[in-house]
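Remarks on the structure that follows.
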Amino acid sequence: MPLWVTIVLDGVGIGAQPDAAAYGDAGSHTLGHVLARERPHLPHLEALGLGCITPLDGLAAVAHPAASYGKMREVSAGKDSTTGHWELAGLALDTPFPTYPKGFPEAVVDAFIAETGCGGILGNKPASGTAIIAEYGEEHQASGHPIVYTSADSVFQVAAHVEAVPLERLYAWCRVARASICVGPHAVGRVIARPFEGEAGVYQRISAQRKDFSLAPPSPPVQSALQAAGIRTIAVGKIADLFAGVGFDESHKTKSNAEGIATTVAQIERLAGTRAFLWTNLVDFDQEYGHRNNPKGFAQALEAFDAALPEILSVLPADARLVITADHGNDPTTPSTDHSREYVPLLVVDPAQRVGRALGLRATFADHAASLAAYFDVDYTGAGTAWER
C-alpha cells in the first residue's frame, strides 16, 4: 500500500523568481547565499541531486542523483507560508492576503476593543514578538490591555501575560477577531494567540500554548480529496494550522526541526503498509534563522536536516514517495527580515527508482497536489500538472 511523505523546509528558497522585484526581493537566493557564505556540509542532499537543480557553491551536480529533481514557481499573489502551502495543496490565490506595514487601521482596532471588551490595546505595529513583549510587557501587566501586533506576514497577533489575561480569555479574544473582525478586506491568513510568562527583562513566550486561528481555504485542498477516497492524512508541525485543520485526520504539533524530524520518522514507521499522506513542516529555517538574519544558524539547520536524511530514507517503504520542497524563501543574508519571492527546490525520492530524472521548472507549486492525486489515483480538480508518470 502506498505512502506519500512531503517535507517542507520552511523558507528554503532556491533563487529569485522573475517577479521578485515587485515584492522587494530582487537578487534573493536563500540556498545560494547561505551555501556561498557558510559552506555547510550537505552530502546526502548532494547525493539526492540538490546541486543538479541549479549551480550551488559547495554542492556538485552529481551524475546519478538518487532523487528526481527540479524547482517550482509560485503563481499565487503573495509570499507567506499560508499562500505557499495552499498552492502546494492545489489552491492558487489571485489576491494576496492583506498585510499591515503601518499597523492595523483604526476601524479594526476599535472593533476589536468593542467586541472583546478588552478595554484597549498596546502596540499596533509590525514587530518581532520578543521585542514587542519586552517593550510593552510591563504596561500590559499593569493595564491588562493586550499587545496587538503584526509582521511582514498576513497575521493579527495578540500577546498577553498568562497572569494578566487567562489563556482561555486570550483564546476567546482571538476567536472573536477571527470570526468577525479579520474578515472581508481584513481577512488575514492567521490570527495568533501569543501567551507569555515571566518578569520584565526575562519575559518568555510559551510556544506550547500558542494557538493559530487560520482562515479556512476557499475550496477543498488536495488532502480533502484524499480523505474522501479513504486515504489517511497526517500533519506534522504547523501544517494543519495553515489550513484551519481542513483535510487532516491527525495533527502532531512540534516545537523544533529536531522534534519534527523525529515525529516524521515515527509516523513513517507507523504508517508503513497503509494508504496515507504525511505532510511535515520544519519551521526553524524560517522562524529561527531567516527572520533573524542568521545565515550561520540557517546553515547549521541545513546540516542537521542533511544528517537526519539517512534515517528518514531507511524507514521509507519501497513503494513510497518522499518529496522535499519549500513554501517560499527567507534569505538571511539580505537586509530584509521578511520572506522572499523565490522558486522552491523539488526533490522526489522513489525508493524503487535507482537514478532520478530531471523534472525541470514546474509552472506552479500546485504540481505537488496534482502529482499527489495521481499517485493515489484520486480525482482532484485543483491546479497543476503531475510529474508522476
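Starting from the Cα gyration tensor of the stretch 295-366, take the square roots of the eigenvalues, sort them a ≥ b ≥ c, and report rounded, prolate or oblate (rounded when a/c is under 1.5, otherwise prolate if a/b is larger than b/c, else oblate).
Numbers: a/c = 3.07, a/b = 1.49, b/c = 2.07.
Taking the square roots of the gyration eigenvalues as a ≥ b ≥ c, the stretch 295-366 is oblate.
Could you report the accessible area of T385 in Å², rounded to 10, computed with a 1.4 Å probe on the protein chains as they sit in the structure?
90
Can you list residues whose amide H is under 5 Å from V236's amide H, if they're 5+ apart or on another chain and H is modeled 1.01 Å from N?
Amide H to amide H, under 5 Å and 5 or more residues apart or across chains, V236 pairs with H252, W279, T280, N281.
Rolling a 1.4 angstrom probe over the protein chains, ignoring ligands and nucleic acids, what is the accessible area of S128 in square angstrom, nearest 10?
Per-residue accessible area (S128): approximately 60 Å².
Output ³J(HN,Hα) for the stretch 299-304: one whole-Hz value per residue in order, computed from phi by the Karplus curve 6.51 cos²θ - 1.76 cosθ + 1.60 with θ = phi - 60°, and x for Gly and Pro.
Rounded to whole hertz, the list is 4, 5, 5, 5, 5, 5.
Once amide H atoms are placed 1.01 Å from N in the peptide plane, what residues at a sequence separation of 5 or more from L122, or on another chain, have their amide H within under 5 Å of its amide H?
I147, V148
Among rounded, prolate and oblate, which fits the stretch 102-143 when a ≥ b ≥ c are the square roots of the eigenvalues of its C-alpha gyration tensor, a/c under 1.5 means rounded, and a/b larger than b/c means prolate? Let's see the in-between values first.
Numbers: a/c = 3.17, a/b = 1.31, b/c = 2.42.
Oblate is the answer for the stretch 102-143, as a/c is 1.5 or above yet b/c matches or exceeds a/b.
Determine ³J(HN,Hα), in whole Hz, for all residues of the stretch 273-285 in sequence, where each value follows from phi through the Karplus function 6.51 cos²θ - 1.76 cosθ + 1.60 and θ = phi - 60°; x replaces Gly and Pro.
Whole-Hz 3J(HN,Hα) from phi for the stretch 273-285: x, 10, 8, 8, 10, 10, 10, 10, 10, 9, 8, 4, 3.
Which of the three applies to the chain, rounded, prolate or oblate, going by the alpha-carbon gyration tensor with a ≥ b ≥ c and a/c under 1.5 meaning rounded?
prolate
What's the center-to-center distance, using Cα atoms, between the stretch 217-242 and the stretch 276-321 in Å?
21
How large is ³J(HN,Hα), in whole Hz, for each residue of the stretch 32-42 in order, when computed from phi with the Karplus curve 6.51 cos²θ - 1.76 cosθ + 1.60 and θ = phi - 60°, using x for Gly and Pro?
x, 6, 5, 5, 5, 7, 10, 6, x, 8, 10
Ranked from the most accessible area to the least, with a 1.4 Å probe and all protein chains present, what is the order of F376, F213?
F213, F376
For the stretch 24-119, which trypsin sites (Lys or Arg not before Pro) are in a loop by DSSP, counting at most 10 other Cβ atoms within 10 Å?
Sparse-neighbourhood loop trypsin sites (Lys or Arg not before Pro): K102.
Under a straight-distance cross-link criterion of Cα-Cα below 16 Å, which lysines are reachable from K125, leaving out those fewer than 8 residues away in the same chain?
K102
The values are calculated or read from the model by the stated rules, or taken from the named source; none is laboratory data. The structure displayed is predicted, hence computed values, not measured ones. Glycine also receives a Cβ, built like all others from the backbone with ideal geometry; neighbour counts cover every protein chain displayed. For accessibility, only protein heavy atoms count, side chains too; no ligands or nucleic acids. Shrake-Rupley method; radii C 1.70, N 1.55, O 1.52, S 1.80 Å.
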